[in-house]
Amino acid sequence: MAQTIQEVLSQAQIYSDEIIYRFVQFPANGITVASGIVAEASLPFTGLLIDKDEVTLMLPQEAYEEFERRFKYATVSDIEYRLITFDIVLEPTLVGFMAHITRALADADISVLPFSAYSRDHIFVATQDFEKAIDTLKALQ
């Protein structure tokens, strides 16, 4: 039987790693710099997204400070973010999970940056919205 959104929400552990994250935008040709940082930092959680227009690197504040000298041609978000993870294996056939989550957070006036791994979903929210986001998500459970 396929997973349902309510089933997933009732079973998921919603947690944060208590780390502050920063988002860094490189031009499309910044892949070497961004991937080099990921390779050198050996971080427990990081994100690297590459598309035709830009390279986005999400990394902990501590790593941002360590590698800041490499951000010469990058744009760094002024917003500090917190990670929220839905710790449950999500089946690839599950439909609408992130839509359900983001709708509830949008209704609470919370902006999110979603990141999906192969089997788990994660979101980033601005630090000042973190407690409200956690409360909103726990209410969905």
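The table below gives the values:
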read-out	value
Calculated [θ] (222 nm, deg cm²/dmol) that DSSP helices of n ≥ 4 give over the chain, each run adding -39,500 (n - 2.57)	-9500 deg cm²/dmol
Size of region 20-76 as Cα extents on the principal axes (Å, biggest first)	27, 20, 18
Approximate spin-label separation A2-I134, in nm, with each point projected 7 Å along Cα-to-Cβ	3.4 nm
Choice from P60, P27, P92 showing the highest fluctuation, given a GNM over the chain with Cα pairs closer than 10 Å	P92
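FYI, it's all coordinate maths here, none of it is from the lab. What you see is a predicted model; the values in this text were computed from it and never measured. Positions of Cβ are generated from backbone atoms using ideal geometry, with glycine treated the same way; all protein chains shown enter the neighbour counts.
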